[in-house]
Amino acid sequence: PPPSITSETNNMTTMPTPATPGQATPVVSTAPPLAPAEFKTSGLTVAPAMVGLGEVSTLNVVVTNSGGQSGNFTVVLKIDGASIKTQNVTLAGGGSQNVTFPISSSLAGTHVVTVDGNSCNLMVHAAATEIPGKGGDCDAM
C-alpha cells in the first residue's frame, strides 16, 4: 500500500491517489517567491523655492516600492546635511505614495534640501521675494 500522509491540523489521514494507467501524473507547481521590497524616491520638489525668514515651503517626494513584497521605508529629510524630519511609509509591492514635509528656516541663505540622494535648493531671504512661475523641481545628484 502507498504511504499515508497525516495532517496535524485536522488529524485526518489521506492516501495518495494512484495515477490512472495512460494518464500523466499531475504536477504541482509553486509560484516563485516574491521579490523583496525595494524602495526608491523620485520627483523631489520644493515650492515655493524662495521664501522669507520663517515662511513655510513644501517639499514633496514620491516613494515607490518596486519589489513584490510589502515593506517599510523611512523617508529622511535633510537640510544642509542635517537630518531634520522623518516619515515612515508602508507600501505594498509595486505601490507608491507621495510624501510631504512643510519646511522653513530661520537662517537666510541658500539651503540644500535632500531626500534619499535627491537634492534641490531652498533660498531663504530676509524678506519674501518669491519669483512667480519659478519652480522648485529638483534632480538627483
Please go through region 65-107 and pick out each residue that is open to solvent by 70 Å² or more (accessible area, probe 1.4 Å) and hydrophobic (A, V, I, L, M, F, W, C). I84, L107
Extreme residue, surrounded by the most Cβ atoms within 10 Å (Cβ to Cβ), among residues of region 53-64 that are farther than 14 Å from F101 by Cα and either at pLDDT 95 or above or aliphatic (A, V, I, L, M) (or both): T64
Segments classed as strands (runs of 3 or more DSSP E), wholly inside region 42-93, with at least 1 members that are under 16 Å from the mean Cα position of the chain (by Cα), over 20 Å from C120 (Cβ atoms) and in contact (Cβ under 8 Å) with a residue 24 or more places away in the chain: 57-65, 71-79, 82-91
With respect to the numbered conditions (1) surrounded by fewer than 16 Cβ atoms within 10 Å (Cβ to Cβ); (2) within 30 Å of H125 (Cβ to Cβ); (3) touching a residue at least 12 places away in the same chain (Cβ under 8 Å), which one is the sole condition not fulfilled by E38? (2)
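The values are calculated or read from the model by the stated rules, or taken from the named source; none is laboratory data. For clarity, every value in this text was computed on a predicted model and none was experimentally measured. Positions of Cβ are generated from backbone atoms using ideal geometry, with glycine treated the same way; all protein chains shown enter the neighbour counts. In case anyone asks, the SASA skips ligands and DNA or RNA and just uses the protein heavy atoms, side chains included. Shrake-Rupley method; radii C 1.70, N 1.55, O 1.52, S 1.80 Å.
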